[in-house]
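Let me begin by presenting the structure, written as structure tokens, before commenting on it.
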Amino acid sequence: MNQPDQDGLSAAIAPNIFDAYLNPDLLLPLVLGNLMSQRLWDFSARIQQRLDHAAIPSTTDGDAIFEAIAPVREIQRQIDRHFKHLHPSEVAQIYGELNLTEEGARLGQASVSAAIAGIKACFNDRMRSGAIPGDALQPILDGLEHNRFPGYCYANFDVVRAGRQLTGRKSKAPMGLTSCLDEVSLFAALVMTLPRGAVESVIALSCVSHYTAFGWSNTGAPWWFYGKSKLLTEGEWKLRVAQDFAGDAQAAFDQIFKEMDRVTSAAGTFDLRSGQASIEAVHIDEIVVKLDQFFGVRLKQVSDGLSLPRTQLPEAPLAPILRELLGTQSIEQARNRLLKSGDPRCLQVLYSYRSLDVPDHKPYLEVALSSPNCKKIGSELTCQADAIGVVQGVEGCLSIFDDRNRIAMPDETLRMNTGSDRDKALLLHALLVHYYAARHQDCVISTLMTAQDSFVCGTEFCLSLNTLAAAGRPADGILITLSMAA
């Protein structure tokens, strides 16, 4: 088992579905990491331009609510229009599958088993209700019986956007590939770029298999972003309840989100199944009032959570920074606060952003060695030359971030078929570690990154990533060193 990730640095880099469930606060560095992306700010500017040119009436009470909701609705529309939400079978096809035995060893078998039980219950409920056809989910449930699950892995906006090439479509290609958590972190980051005061609060309502965003405008009007194509106002929700559920709001909620068991705000998380909360009681009360207002009933899931003995935990370290940056109006402001301030609370954000300007690079290597596809390929190699061949097969030489000082994980480099010398060095390093480990051979692999090149070295070899040929081990000019015994 890997050493505990006590500071949450490794988990912030590329959390998978089990990381995110066991630590729902990982949503916070994902959101803030998005705020440092130039591409996200370009997307935000397009949304703002559409809002500036929209004719929004504001002459009646109903129109006033429409006006208050308009910014978040436009964000939802643009996410829906430009991003492809992957079905679980597509996730497995594109991203591979997680080995549940290994996940249990890494995170604790009891925790992973509880998450799997929640996934099974959710999928079975959705098949019984007819919300999703059984033939779509049954193969995933069958995979669970063989210790496999689609490799849901969440990352910053630039990684999501880089995935646009993976659908194989040349025309009308999406801007990126998403899951529900990606959409919520993207949605929340875009909400943070709206003018200060436009949105009073945005939170996540989630369970192991689904993430949604809920919030309210500066006028107090609540809304619920349930999924890529669904954003409901209070009035739209109550109309749905009246028309389709004979006024039974709980039944309406249970049909689509019966498993909801977490509330995550800027302050942290309120776990409705354990009573643990890093959100202060006064803020929980505020959230509950808004949930009651929107859904028209005290949801059973919320009521059950409130009835438990409360274990109050400290709020998330990133909470003050999230509150500070809600309504930030420039990437310069976000980067100055997050990338350049030197605030140790921002370290998780820097790892989520994949910056190499961090004091410890070991977390990147730890996550690289957990990349499932890379691990599978490395353990099946027949010789060291095969590892070099895998890297040679990566055709592109550009970083998916257009920035050599940010790092992609090995599976990302393989999927996107491109990477800088540093990305490819991390890939080769991980392949060689798995190659030697599969043969129970001891070999200390080191990666040395300089200003112009990267080198992957063992006891009897050193390879330049610019040439993929033997080279002398550099003695000077080393900026970053990665090393771990196989």
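The values are calculated or read from the model by the stated rules, or taken from the named source; none is laboratory data. Please read these numbers as outputs of a predicted model, since none were measured by experiment. FYI the Cβ positions are ideal-geometry reconstructions off the backbone, even for glycines, and counts take in every protein chain you see.
Go through (1) over 20 Å from Leu30 (Cβ atoms); (2) in contact with a strand residue (DSSP E or B) (Cβ under 6 Å, 6 or more places away or on another chain); (3) modelled with pLDDT of 95 or more and name the single condition Leu272 misses.
All conditions are met except number (2).
State whether the residues of the stretch 456-465 include one that is more than 22 Å from Gly389 (Cα to Cα), of a type outside the set (Val, Ile, Thr) and more than 29 Å from the chain's Cα centre (by Cα). Spell out how you get there, then give the answer.
Of the stretch 456-465, the ones more than 22 Å from Gly389 (Cα to Cα) are none.
Looking for residues that are more than 22 Å from Gly389 (Cα to Cα), of a type outside the set (Val, Ile, Thr) and more than 29 Å from the chain's Cα centre (by Cα), one finds none in the stretch 456-465, hence no.
Okay, residues lined up against (1) outside any helix (DSSP H, G or I); (2) of a type in the set (Val, Ile, Thr):
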| position | (1), (2) |
| --- | --- |
| Asp182 | no, no |
| Leu186 | no, no |
| Arg196 | yes, no |
| Ser201 | yes, no |
| Trp223 | yes, no |
| Gly235 | no, no |
| Val241 | no, yes |
| Gly247 | yes, no |
| Gln250 | no, no |
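Just to be sure I understand the filter: pairs with C-beta atoms under 7 Å, separated by 6 or more residues or on different chains, first member in the stretch 80-107 and among the hydrophobic types (A, V, I, L, M, F, W, C), second member loosely packed, with under 15 Cβ neighbours inside 10 Å. Which pairs pass?
Ala105/Met1
Filter the stretch 317-338 for residues that are in contact with a helix residue (DSSP H, G or I) (Cβ under 7 Å, 6 or more places away or on another chain) and among the basic types (Lys, Arg) and give the result.
Arg337
Which residues, taken from the stretch 259-295, are surrounded by fewer than 18 Cβ atoms within 10 Å (Cβ to Cβ) and more than 22 Å from Pro309 (Cα to Cα)?
The one that is surrounded by fewer than 18 Cβ atoms within 10 Å (Cβ to Cβ) and more than 22 Å from Pro309 (Cα to Cα): Gln293.
Collect the residues in the stretch 302-313 that are closer than 8 Å to Ala277 by Cα and of a type outside the set (A, V, I, L, M, F, W, C), keeping them in residue-number order. Lay out the reasoning, then the answer.
Of the residues in the stretch 302-313, the ones closer than 8 Å to Ala277 by Cα are 310-313.
If the condition is that a residue be closer than 8 Å to Ala277 by Cα and of a type outside the set (A, V, I, L, M, F, W, C), then Arg310, Thr311, Gln312 are the ones that fit.
Being in contact with a Lys or Arg (Cβ under 8 Å, 6 or more places away or on another chain) and not hydrophobic (A, V, I, L, M, F, W, C) narrows it down to one residue among Thr450, Thr413; which is it? Please lay out each step first, then the result.
Values: Thr450 fails: in contact with a Lys or Arg (Cβ under 8 Å, 6 or more places away or on another chain).
After applying the criteria, what remains is Thr413.
Which ones in the stretch 357-378 are over 17 Å from Ile407 (Cβ atoms) and modelled with pLDDT of 95 or more?
Ile377, Gly378
Looking at the stretch 285-316, which of its residues are within 25 Å of Ile69 (Cα to Cα), out of contact with any helix residue (DSSP H, G or I) (no Cβ under 8 Å at 6 or more places or on another chain) and not acidic (Asp, Glu)?
Ile287, Val289, Lys290
Please determine, by comparing only the residues of the stretch 299-356 that are assigned to a helix (DSSP H, G or I) and in contact with a Pro (Cβ under 7 Å, 6 or more places away or on another chain), which one is modelled with the lowest pLDDT. Even if it seems obvious, please write down each step before you answer.
To start, the set of residues in the stretch 299-356 that are assigned to a helix (DSSP H, G or I) comprises 300-307, 319-325, 331-338, 344-353.
Still in the running and in contact with a Pro (Cβ under 7 Å, 6 or more places away or on another chain): 345, 348-349, 351-352.
Values: Arg345: 92, Gln348: 95, Val349: 96, Tyr351: 97, Ser352: 96.
So the residue we want is Arg345.
Could you look through the stretch 70-109, keep only residues that are of a type in the set (Val, Ile, Thr) and out of contact with any helix residue (DSSP H, G or I) (no Cβ under 8 Å at 6 or more places or on another chain), and pick out the one that is modelled with the highest pLDDT? Reasoning before the result, please.
Of all residues in the stretch 70-109, those of a type in the set (Val, Ile, Thr) come to 72, 75, 79, 91, 94, 101.
Subsequent filtering for residues that are out of contact with any helix residue (DSSP H, G or I) (no Cβ under 8 Å at 6 or more places or on another chain) retains 91, 101.
Numbers: Val91: 89, Thr101: 94.
Looking at residues that are of a type in the set (Val, Ile, Thr) and out of contact with any helix residue (DSSP H, G or I) (no Cβ under 8 Å at 6 or more places or on another chain), I get Thr101.
Pick from the stretch 218-229 the residues that are of a type outside the set (Val, Ile, Thr) and at pLDDT below 90: which of them is nearest to Thr178 (Cα to Cα)?
Narrowing the stretch 218-229 to residues of a type outside the set (Val, Ile, Thr): 218, 220-229.
Narrowing the set further to residues that are at pLDDT below 90 leaves 218, 227-229.
On the way: Asn218: 29, Gly227: 11, Lys228: 9, Ser229: 13 Å.
So the residue we want is Lys228.
Identify, from the list Ser352, Ser371, the residue that is within 27 Å of Glu102 (Cβ to Cβ), among the polar types (S, T, N, Q), outside the structural domain of Glu412 (by TED's automatic domain parsing) and touching a residue at least 12 places away in the same chain (Cβ under 8 Å). Don't jump to the end; show me each part of the working.
On the way: Ser371 fails: outside the structural domain of Glu412 (by TED's automatic domain parsing).
Ser352 is the lone residue from the list that is within 27 Å of Glu102 (Cβ to Cβ), among the polar types (S, T, N, Q), outside the structural domain of Glu412 (by TED's automatic domain parsing) and touching a residue at least 12 places away in the same chain (Cβ under 8 Å).
How many of the residues making up the stretch 252-273 are part of a loop (DSSP other than H, G, I, E, B) and of a type outside the set (Lys, Arg)? Step through it out loud before you land on a result.
Looking only at the stretch 252-273, we keep the residues that are part of a loop (DSSP other than H, G, I, E, B), and these are 258-261, 266-267, 272-273.
Going one step further and asking which of them are of a type outside the set (Lys, Arg), we end up with 259-261, 266-267, 272.
So the count comes out to 6.
I'd like to verify a number: residues in the stretch 293-329 that are of a type in the set (S, T, N, Q) and touching a residue at least 40 places away in the same chain (Cβ under 8 Å), how many?
As a first pass, look at the stretch 293-329 and keep what is of a type in the set (S, T, N, Q): 293, 301, 303, 307, 311-312, 328-329.
Next, only the ones that are touching a residue at least 40 places away in the same chain (Cβ under 8 Å) stay: 293, 301, 328-329.
Qualifying residue count, the stretch 293-329: 4.
Please verify whether Asn405 is in the same structural domain as Leu479 (by TED's automatic domain parsing), surrounded by fewer than 22 Cβ atoms within 10 Å (Cβ to Cβ) and touching an Asp or Glu at 6+ places or on another chain (Cβ under 6 Å), treating the condition exactly as stated.
Numbers: in the same structural domain as Leu479 (by TED's automatic domain parsing): yes; surrounded by fewer than 22 Cβ atoms within 10 Å (Cβ to Cβ): yes; touching an Asp or Glu at 6+ places or on another chain (Cβ under 6 Å): no.
Considered against the rule, which asks whether it is in the same structural domain as Leu479 (by TED's automatic domain parsing), surrounded by fewer than 22 Cβ atoms within 10 Å (Cβ to Cβ) and touching an Asp or Glu at 6+ places or on another chain (Cβ under 6 Å), Asn405 comes out as no.
Is it true that Arg39 is surrounded by 11 or more Cβ atoms within 10 Å (Cβ to Cβ), part of a helix (DSSP H, G or I), at pLDDT below 95 and basic (Lys, Arg)?
Details: surrounded by 11 or more Cβ atoms within 10 Å (Cβ to Cβ): yes; part of a helix (DSSP H, G or I): yes; at pLDDT below 95: no; basic (Lys, Arg): yes.
No.
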